Amino acid sequence: MPPILAEELRLELTAREKLEDTCGPYRTDKELVGGRDEEDALNHFVHRFTASSARVQYVTLGPGKHFEPTSTDLRSFLTDGRISVLDLACGSGGGFLGLLCTVAELRRQNAHARLPVDLQVLAADISPTALEIHERMLRRVSGPLDAVGIRITPKHMEWDVTDGYSTARLMEAWFKQAGESEAFLVFISAFGAFTEKNRPVVETAIRDIMVRFHDDKQLIVAWIEPSLKGTSRWMGPILELLIGFFKGRGRANSHDAEVKFDWRHPFTKESITGSAKLIGCNRGSR
Ligand SMILES: C[S@@+](CC[C@H](N)C(=O)[O-])C[C@H]1O[C@@H](n2cnc3c(N)ncnc32)[C@H](O)[C@@H]1O
């Protein structure tokens, strides 16, 4: 985990008296997927933030080049200018903060250009508790990110993927917040368990989001998932849907072959095996 993120995560867990729980034996139960309920959201933060951030860090750095061109797309997106991100089903932010802090660390180590980035972030989830933690975590890392040239303007919004009006309100809020942004990223991390059970509603929401990009806005979609038993079942149809929107105007591809990697827990130093699959789309050159 990037040091900036590990330190702020430690402080947030300590403030919530949950650091010890995070440092207990690594839990593999499938029920840890967050949700509207406060306890579910908190448990996901305590036991899965590290896994989500490690997975996204792995994809962003892209050793072995398994996830090209998406790894490069993600790093390039955060190079410079006025840009805007929609973090869908954001939870407490493990995935998105993994991306941000990995790029920040590359900048800190002079492995990535330090041009100024003005980043609008709209984070959306059904859980008020998850949104509150996401907001606090973003606020915590905003100083260190600012120090390497990434200035964040965050907004958090309750969103229910099963409600079409909720998605319409979300898109209005995002475009209003985005203002003159030059490029857009729709970022989704670890929403596969829900998607597998509710594919038609997720497809409707994706369609509702994509039709708003009817003009030539630069757009990246990055959907990063652990490799679970049912991932391939929903990933193929969702990719087909996205291909329809990117055909002739960019590219959409998936990396459906399981890629395994080892990551180190930031506090216990335990070595844990993770896995990743993804869908990546890009329209416009960035
Ligand atoms: C496994 S967590 C992923 C969180 C985060 N993106 C990450 O990378 O760790 C799945 C998230 O989906 C959210 N979720 C569940 N049902 C939802 C719904 N109907 N609408 C929007 N979000 C929902 C949960 O609250 C939870 O935060």
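Rule-based calculations on the coordinates, nothing more; no lab input. Owing to the predicted nature of the structure, the values given are computational and were not obtained by experimental measurement. Here Cβ is always computed from backbone atoms with ideal geometry, including for glycine, and neighbour counts include all displayed protein chains.
Assorted remarks:
- Remark on the chain: ratio of C-alpha radius of gyration to 2.2 N^0.38 Å is 0.92.
- In the chain, Cα pairs under 8 Å separated by at least six residues give a relative contact order of 19 percent.
- Hz values of 3J(HN,Hα) by residue in segment 234-251 - Karplus curve (6.51, -1.76, 1.60), Gly and Pro given as x: 9, 5, x, x, 5, 4, 4, 4, 5, 4, x, 7, 9, 4, x, 9, x, 9
- Antiparallel %, DSSP beta bridges [both residues in the chain], to 5: 40 percent
- By average C-beta atoms within 10 angstrom, highest first, the peptides 229-239, 185-195: 185-195, 229-239
- Residue by residue, segment 77-91 carries 3J(HN,Hα) couplings of 4, 8, 7, 6, x, 9, 9, 9, 10, 10, 9, 8, 6, 5, x Hz when phi is fed to the Karplus relation 6.51 cos²θ - 1.76 cosθ + 1.60 (θ = phi - 60°); x denotes Gly or Pro.
- Nearest-0.05 FRET efficiency for ASP80 and PHE267, computed from C-beta distance (R0 22 Å): 0.05
- Rounded to the nearest 500, the helix-only mean residue ellipticity at 222 nm of the chain stands at -15000 deg cm²/dmol, with each DSSP H run of n ≥ 4 adding -39,500 (n - 2.57).
- Here the dipole of segment 3-283 is about 760 debye; that uses its Cα centre as origin and unit charges on the Cβ of Lys and Arg (positive) and Asp and Glu (negative).
- Point-to-point label distance, ALA111-SER275, nm (Cα→Cβ direction, 7 Å offset): 2.6 nm
- Estimated dipole of segment 113-245 in Debye, rounded to 20 [Cβ of Lys and Arg +1, of Asp and Glu -1, Cα centre]: 320 debye
- Distant-in-sequence amide contacts of ARG82, defined by a placed amide H-H separation under 5 Å and a gap of 5 or more residues or a different chain, comprise ASP118, GLU182.
- When the charge dipole of segment 3-283 is built from unit charges on Cβ atoms (+1 for Lys and Arg, -1 for Asp and Glu) and taken about the Cα centre, the candidate among LEU86, GLN109, SER275 whose Cα reaches farthest toward its positive end is GLN109.
- Length added when fully stretched, GLU7-ALA173, from 0.36 nm per residue minus Cα-Cα: 56.6 nm
- Label-to-label distance for LYS217 and LYS30 is 3.6 nm, based on points extended 7 Å past Cα in the beta-carbon direction.
- Between the residues SER189, ALA15, PHE77, the greatest Cα displacement towards the positive end of the dipole of the chain, with unit charges on the Cβ of Lys, Arg, Asp and Glu, is found for PHE77.
- Sequentially through segment 25-37, phi angles give Karplus couplings (6.51, -1.76, 1.60; θ = phi - 60°) of x, 5, 8, 10, 4, 5, 6, 7, 10, x, x, 5, 5 Hz, Gly and Pro residues having no value and appearing as x.
- Farthest toward the positive end of the dipole of the chain, out of ALA6, LEU122, LEU145, is the Cα of LEU145, where the dipole comes from beta carbon charges about the Cα centre.
- The count of lysine pairs in the chain that are at least 8 places apart or cross chains, and whose C-alpha atoms lie under 19 Å apart, stands at 16.
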